Amino acid sequence: MLDTDPRKTEMTKSTFPGKSGDVESELAGIYSLMNVMGGGDATVTNPYYWWEVMSDNCYGSGGLQDTEVKAMHHLVQMGSNQYEKPFVILYGGVKRCNDLIETIDLVPWAEEEKALRSQLLGEGFFMRGLYTLLLTQLYGDIPLITASDVTPDMENEASAETAIYPQIFSDFTSGINLMGTDRGYGDGHANKYVAEAYLARAYMFWAGFYKKVQELATGAVPEVNLVPQEGCTATSLSKQNVIDALKDIYTHGGYKLCEDYRSLWQYSNSLVWDEAHDGDAGHNYDFIKDLPRERCFDQPGMGNGNTEELFQVQFMNASKWAINNLGSEYATARQYCNYLSVFWGLRCNSTNGDVDHTYPFNQGWGQGTPSCNIWNDWTNAETNGGYTDIRKLGSLIDCVNELEDYKFEKDDCEESGYAVKKYNAVTCEKSGSSLAPWWDFVDGFKKSSLENSMQGDNFEDFYLMRYADVLLMLTELTGDAQYMNEVQRRAGVPETPYSLKTVQDERRWEFAFEGLRFNDMRRWSGKDGGENCYAAKALQAQNGQMVVVRGKTGSKIPMKHMTCSWAKRYAETNGFVAKPQKQINLMNGKLIQNKGWDGANTETQYVTLY
């Protein structure tokens, strides 16, 4: 009596997926977790934001109550589960990928659908590789889950160096060989070229961090044994294989740099451009005035879906304040808007909601503000080279000099006087309206579902892979400067021959605030590099920089580390965050806490500084 068959309308592993559309639905569920990370509370869910805050590009900043972001910046923790959310989200993504890979042939694929099957399966492998890559870059040695039915051996930690990265390389290789080359012009899906680019990114981190080959152009890297699976028939991966993959993108991908760096970012939209040319002195953003209108962010080939965008997190006006359709572990209120724009929005003048003085930038939480270090290092590079780099003011707001009447808030912490320009929320005024997010005047984006335009109306893509990265990775791997020179020409800086130092600087300037800096620093340092490695020294250079605290512009104070020093905390942790204690408990000791995160050590714990 207790044995029952499922109803014909119920979905089980024996009945789902039953058609190609079911597999596409599974894939949508896999991609949706990128929005959970990218559109939620950035200090809780977004690893790309974490890595920027943990680097020397940003301070923790924010208000007195914004403790999580300051803990992150000082490489300490507020509590034993501060860094848990991506652990749960990303393993959920891996589970969904495994389900798709294992059940795809429940569909009776017709002959004319074989190419579709290959594409969907390739995306499943690629996304499993991507989610696993993010997991191991955050947490180090972790369980390697490659099946939906987890076995005891999978619950044990695997070596990132010898087991996890070879699986990641194999997943990306399967993606390369199974997926097609259709670009889709920003449709949010991966293709062969995206997988080739990520193969290079993962390989370069593995080679630099684990194999300690900091100069890849000249260093010897051992071949990696690959895991046999559909789409991955090669037995090993070499540096030349990775170079060939990047050259395939370069030769056949059809991607190209936007002619003007500013076209990539929403502050260059045509509505703000029109206001700069309408003679209204009150709303006149000079920085984009010389930009041809056809190169504005919202013009064809620019902005979202532009010609150099390989892969990105996309957003749409479908957020709600209490969305919970993925269960409590995945719940996030604003996953379909780019909430990162609010975190990097200007904290100044927010008390009265007056954004006239910060035009065209909107208010926000002011967390993760740019460091004095990136501004000073960049300015020194310009001065010593005798040039002006359009990317500097294309990436940062020089608040005091660019904005009409910049004011610090009374509870500001670690304020440098700079703000992120790339992803900052942008306002404009149209047809006599009051200042509002520029998206409110774009067809299809009016009337935010959050009913809060300042927080809800931000839909700029968050770039995960741009063509500029392909070019700079090629130069770093080959020592051939021609690829880097294309990036330099677009920025209006002198073309230079190859040197590792030049590549390091170019990557920092080109990708400032895009989440790449911290892992670049780590791979140029090598595992267990100590307090004198590249990353430790760059982070320690923040010590003593003068910052504004509690709005007291006349009495800046020197930055100091919360518990010891940035160099010591980096050397002790290798840049990994703490594994969540809740997950360690659930796994009965099979998950081992990372080095440098002993809870009994007070140097790992948040301390109130301000």
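The values are calculated or read from the model by the stated rules, or taken from the named source; none is laboratory data. Keep in mind it's a predicted model, so treat the numbers as computed, not measured. Note that we place each Cβ from the backbone using ideal geometry, even for glycine, and neighbour counts take in every protein chain shown. The accessibility values were calculated without ligands, DNA or RNA, using every heavy atom of the protein model including side chains. Shrake-Rupley method; radii C 1.70, N 1.55, O 1.52, S 1.80 Å.
Structure summary
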read-out	value
Qualifying positions in region 487-505 - in contact (Cβ under 8 Å) with a residue 12 or more places away in the chain, open to solvent by 10 Å² or more (accessible area, probe 1.4 Å) and within 19 Å of Lys392 (Cβ to Cβ)	Arg490, Gly492, Val493, Pro494, Glu495, Thr496, Thr502, Gln504, Asp505
Only listed residue being over 30 Å from Gln542 (Cα atoms) and touching a residue at least 40 places away in the same chain (Cβ under 8 Å), chosen from Leu121, Leu75, Leu64	Leu121
Matching option when the condition is assigned to a loop (DSSP other than H, G, I, E, B), open to solvent by less than 10 Å² (accessible area, probe 1.4 Å) and closer than 28 Å to Phe205 by Cα, among Gly575, Gly596	Gly575
Search result, residues across region 224-245 that are under 24 Å from the mean Cα position of the chain (by Cα) and surrounded by 20 or more Cβ atoms within 10 Å (Cβ to Cβ)	Val242, Ala245
Residue check for Val470: at pLDDT 95 or above and either open to solvent by 10 Å² or more (accessible area, probe 1.4 Å) or under 23 Å from Trp51 (Cα atoms) (or both)	yes
Residue match in region 533-552 (condition: among the basic types (Lys, Arg) and part of a loop (DSSP other than H, G, I, E, B))	yes
Those residues of region 208-223 which are crowded, with 24+ Cβ neighbours inside 10 Å and outside any loop (DSSP other than H, G, I, E, B), in sequence order	Gly208, Phe209
Residues being open to solvent by 20 Å² or more (accessible area, probe 1.4 Å) and in contact (Cβ under 8 Å) with a residue 24 or more places away in the chain - total across region 148-172	4
Residue within region 169-183 that is β-branched (Val, Ile, Thr) and in contact with a Ser or Thr (Cβ under 8 Å, 6 or more places away or on another chain) present	no
Selected residue (criterion: surrounded by the fewest Cβ atoms within 10 Å (Cβ to Cβ)) from residues of region 253-281 that are touching a residue at least 40 places away in the same chain (Cβ under 8 Å) and out of contact with any Lys or Arg (no Cβ under 9 Å at 6 or more places or on another chain)	Lys256
For Asp440: the one exception among (1) open to solvent by less than 40 Å² (accessible area, probe 1.4 Å); (2) more than 24 Å from Asp274 (Cα to Cα)	(2)
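A quick yes/no check of all residues on (1) buried (at least 24 other Cβ atoms within 10 Å of the Cβ); (2) modelled with pLDDT of 95 or more; (3) of a type in the set (A, V, I, L, M):
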site	(1), (2), (3)
Leu33	no, no, yes
Thr43	yes, no, no
Gly63	no, no, no
Asp66	no, no, no
Lys70	yes, yes, no
Tyr83	yes, yes, no
